[in-house]
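A.B. asks: The following block contains the structure, expressed as structure tokens.
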Amino acid sequence: MNTLKTAFLLTLLTLLLVLIGSHWGENGAIFAFAIAAAMNFFSYFYSDKLALAMYRAQPVTREQLPRAYEVVERMTGRLGLPMPKMYVIPTEAPNAFATGRNPQHASVAVTHGILQLLNDDELEGVLAHELGHVRNRDILTSSIAATLAGAITLLARMGWWAEMFGGVGGGGGDRRRGGGISALFMLILAPIAAMMIQLWVSRTREYEADATGAHITGNPYALASALEKLDAYSKRVPMPGTASTAHMFIVQPLLAREDFAGLFSTHPPIRKRIERLIGRPSVYGPQ
């Protein structure tokens, strides 16, 4: 069901992109589809390398990071997955993410901060969550969703400028005004629609990875405790991130309060994730 839902949402993003392009005729639709294809090609083969480089992630061996290596080896054995490459991000902000186009090309990155913050059971829960993303192939799905959303935003902006400059020369004022209004709506509404679809994909996948991580370890309280700690400490030592990579992390690297701004977060609220895991919004009792 999740696979079908994701396929539907990604198809919707692609159709939205082509629909925007069709505003400028058949050539515009073809151009829009070409943008989507090119950006998805790049996302498929290079998004993992770009993300790791962006956060200055350093590859580590078993000898350098035995604690995390042992956990990941044990979890991949249970899941029947190949061992991913392991990376450490040199920051005290506690966080982690997985990336790669499939289980054979997966990488798991953890920060110095998360290694210091979590106990062994909590770290196991976090790494199981990330391996859940690998098993469910969420990494590629999220990358494609982000790429398509970016392409829609880019095309809408290009359309805005094309309408504006195209209307400066000849043509009637009403036609120019009508074109400008339609371009304005496209500039505002198309990226919002794309973003909402992208966020829906990301949020759905976070819940699923939480459930997978809890199932792998058999200890949902450990993951819930880790999420609660990460939520608290990441606000004290925030992880500098970008909108294009925020969806990869186990907790939102960009600070967003649980109010209207929370609607535009790539992650569900931590309290809701914890409640799904253990039946209440806090490990330490109802709040």
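A.B. asks: Any chance the range 76-85 includes a residue that's surrounded by fewer than 21 Cβ atoms within 10 Å (Cβ to Cβ), under 20 Å from the mean Cα position of the chain (by Cα) and not aliphatic (A, V, I, L, M)?
C.D. replies: Yes, that holds for at least one residue.
A.B. asks: Another question, then. Being surrounded by 15 or more Cβ atoms within 10 Å (Cβ to Cβ) and either within 23 Å of the chain's Cα centre (by Cα) or over 20 Å from residue 116 (Cβ atoms) (or both) is the filter here, so list the residues in the range 59-73 that pass it.
C.D. replies: 68, 72
A.B. asks: Please give the number of the condition residue 79 fails out of (1) over 30 Å from residue 235 (Cβ atoms); (2) modelled with pLDDT of 90 or more; (3) in contact with a Lys or Arg (Cβ under 8 Å, 6 or more places away or on another chain); (4) not hydroxyl-bearing (Ser, Thr, Tyr).
C.D. replies: Of everything listed in (1) over 30 Å from residue 235 (Cβ atoms); (2) modelled with pLDDT of 90 or more; (3) in contact with a Lys or Arg (Cβ under 8 Å, 6 or more places away or on another chain); (4) not hydroxyl-bearing (Ser, Thr, Tyr), residue 79 misses just condition (2).
A.B. asks: Give the residue that is modelled with the lowest pLDDT, with candidates limited to residues of the range 47-66 that are over 13 Å from residue 108 (Cβ atoms) and of a type in the set (D, E, K, R).
C.D. replies: Ranking the qualifying residues of the range 47-66, first place goes to 49.
A.B. asks: So, one more: Scan the range 118-138 and report the pairs whose first residue is in a loop (DSSP other than H, G, I, E, B) and whose second residue is crowded, with 24+ Cβ neighbours inside 10 Å, with Cβ atoms within less than 6 Å and a gap of 6+ or a chain change.
C.D. replies: 118/226
A.B. asks: Counting only residues that are of a type in the set (Asp, Glu) and in a loop (DSSP other than H, G, I, E, B), how many does the range 57-86 have?
C.D. replies: Matching residues across the range 57-86 total 1.
A.B. asks: Still on this structure, I have one more. Go through the range 87-115 and count every residue that is assigned to a helix (DSSP H, G or I) and modelled with pLDDT of 95 or more. Spell out how you get there, then give the answer.
C.D. replies: Our first condition is that a residue be assigned to a helix (DSSP H, G or I); within the range 87-115, this holds for 103-105, 112-115.
So of that shortlist, the ones also modelled with pLDDT of 95 or more come out as 112-115.
Of the residues in the range 87-115, 4 are assigned to a helix (DSSP H, G or I) and modelled with pLDDT of 95 or more.
The values are calculated or read from the model by the stated rules, or taken from the named source; none is laboratory data. Keep in mind that this is a model prediction, so the values were computed, not measured. Glycine also receives a Cβ, built like all others from the backbone with ideal geometry; neighbour counts cover every protein chain displayed.
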